[in-house]
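Okay, structure first, notes after.
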Amino acid sequence: MSEQEKQVSFMEKLNAWSDGNIIFPLLNLEQSEENWETVCERVKKAIREKVLESYRNGCRAAGGAVRRELNQSSDAGRPAGPVPVIARR
């Protein structure tokens with residue numbers, strides 16, 4: 001298999017994304033005309049978008065399954081955790 005045909009792993013893609021969207025913008029801040037707040041907001045937005053993309057990919061891989069508490073509207077006000085057992089006589 002040639003270098004061009006080599007499959008890029010998920011971690012290699014994530015490292016490249018991290019470098020381009022987090023590390024380099026922060027390292028180049030002194031050479032940039034942008035201020036700290038603008039760069040930080042752009043980095044935070046990029047991270048949120050990546051996390052959301054990953055979450056959606058996970059939902060698709062799981063066949064659309066979501067957390068139990070989001071699936072059951074009757075439990076919306078109750079904190080997640082073990083369901084209490086009520087003994088009937």
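On a per residue basis, the convex hull of the C-alpha atoms belonging to region 10-71 measures out at 89 Å³. In this simple spin-label model, placing a label point 7 Å from the Cα along the Cα-to-Cβ direction at both R48 and S32 gives a separation of 1.7 nm.
Bear in mind these aren't lab numbers, they're just calculated from the coordinates by the rules spelled out. Only a predicted model underlies this, so the values are computations on that prediction, with no experimental measurement involved. Every residue, glycine among them, receives a Cβ derived from its backbone with ideal geometry; neighbour counts consider all protein chains shown.
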